[in-house]
Amino acid sequence: MKVLLLLLARPSLAVSPGKVHLIDTYPRNQPHNYLFRGNNPVVDGTFNLTALVDVMRQKAAAECGVTLPAAFRFVDLSLENPTDPGYFQEKAFWDANPRAGELDSYPTLGSLQDVKHPVGDADELVKSGDWAIQGHADYLPERLAAVHASLTNTSGPPTIFYAHCNAGCDRTGEFFGAYAMSYLGYNVTTAMGEACKQCGRCPNYYATNSIGWWCLTLEAQGRTDVGPCMDFASCKPLGDCTAHNATPLEDDCPRLGLGV
């Protein structure tokens with residue numbers, strides 16, 4: 001049974017259209033499920049789902065020539081933690097509107113470990129996942145696999161997955177940089193280039209290091225096409241980052257730009 005979106009009041013738009021992008025679909029030729037990235041659209045104390053869906057429809061059509069279905073299941077993949085502005089308002093919205101979709105909480109913190117100059121043995125950090133602030137690689141192995149498995153499951157109604165942090169740049173950049181290397185065939189320079197392009201700036205120190213560590217993780221699993229894991233970006237200590245030899249895709253639709 002299809003889950004219809006609730007009609008909500010339309011307060012001023014808080015979602016940033018420039019940060020909303022369709023990242024993947026399944027199946028690719030006739031999409032049933034859709035995976036988006038973006039920022040947190042909380043405004044006036046409310047998670048503005050109606051405004052967000054309007055922007056997603058516009059961006060899917062403009063960037064990828066994709067028309068979203070009239071009715072669908074909505075899954076909000078929040079990468080935020082309780083210290084983020086809007087965290088509790090977002091949770092309150094879904095508690096009050098369970099028929100509009102569901103909230104899956106994926107708190108993400110990134111890495112303080114400089115991928116070029118780690119404290120400790122790099123191989124052990126890759127193996128254990130303890131390069132992340134909260135350890136266990138920000139649970140990327142489990143979370144990426146769960147999202148991809150859900151995206152490729154067509155047994156239920158059409159589903160839109162929307163992954164975001166607060167600004168839609170840093171933790172979102174980490175998550176989708178890792179996703180793109182894992183499932184879209186990107187190497188790290190393309191993953192970083194797309195992360196910078198999709199947000200309008202590059203991911204910060206914590207997220208960029210995480211992208212590098214995930215690149216090393218994939219190499220440890222036998223991938224030979226994801227590097228150079230140690231030389232794809234430079235960051236100011238705990239500050240801004242720039243990409244090295246970034247190779248963002250020319251096509252504004254990342255999944256179609258890869259030609260797969």
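Summary of values
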item	result
In the chain, lysine pairs with alpha-carbon atoms under 24 angstrom apart (chain gap of 8 or more, or interchain)	11
Vicinal HN-Hα couplings computed from phi for the stretch 236-253 (Karplus, 6.51 cos²θ - 1.76 cosθ + 1.60; Hz; Gly/Pro x)	6, x, 6, x, 6, 10, 10, 8, 9, 6, 4, 10, x, 6, 5, 6, 6, 9
Net charge dipole size for the chain [Lys, Arg +1 and Asp, Glu -1 on Cβ; Debye, nearest 20]	780 debye
FRET efficiency, 1/(1 + (r/R0)^6) with R0 30 Å, evaluated for Thr247 and Asn97 via beta carbons	0.15
Among 147-154, 35-42, 51-58, the order from most to least packed when residues are scored by Cβ within 10 Å on average	35-42, 51-58, 147-154
Sequence-distant residues sharing a close amide H with Ile23 (under 5 Å, placed H)	Leu35, Phe36, Arg37
Ala233 long-range amide H proximity, modeled H, under 5 Å	His244
Rounded to whole Hz, the Karplus (6.51, -1.76, 1.60) HN-Hα couplings of the stretch 72-87, x for glycine and proline	6, 7, 10, 10, 8, 9, 8, 8, 8, 10, x, 7, 7, x, x, 4
Residues whose placed amide H lies under 5 Å from that of Asp114, excluding near-sequence neighbours	Val119
Under the Karplus curve 6.51 cos²θ - 1.76 cosθ + 1.60, θ = phi - 60°, whole-Hz ³J(HN,Hα) for the stretch 165-176, x wherever Gly or Pro sits	10, 7, 8, x, 10, 8, 5, 5, x, 4, 4, 7
Cysteines without a disulfide-compatible neighbour (Cβ-Cβ under 4.7 Å), the chain	Cys165
Where labels lie 7 Å past Cα in the beta-carbon direction, separation of Thr67 and Asn153 in nm	2.9 nm
Sum of -39500 (n - 2.57) over DSSP H runs of 4+, divided by residues of the chain (222 nm, nearest 500)	-10500 deg cm²/dmol
Euclidean distance of C-alpha centroids, the stretch 232-248 and the stretch 54-111, integer Å	28 Å
Angstrom value of the Kirkwood radius, inverse mean 1/r, which spans all Cα pairs in the stretch 168-207	9.5 Å
In the stretch 147-256, the GluC sites (Glu not before Pro) that fall in loop regions by DSSP, at most 13 other Cβ within 10 Å	Glu250
Share of pairwise Cα separations in the stretch 17-248, more than 23 Å, in percent	46 percent
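FYI, it's all coordinate maths here, none of it is from the lab. Everything numeric in this text was worked out from a predicted model, so none of it was measured. Note that we place each Cβ from the backbone using ideal geometry, even for glycine, and neighbour counts take in every protein chain shown.
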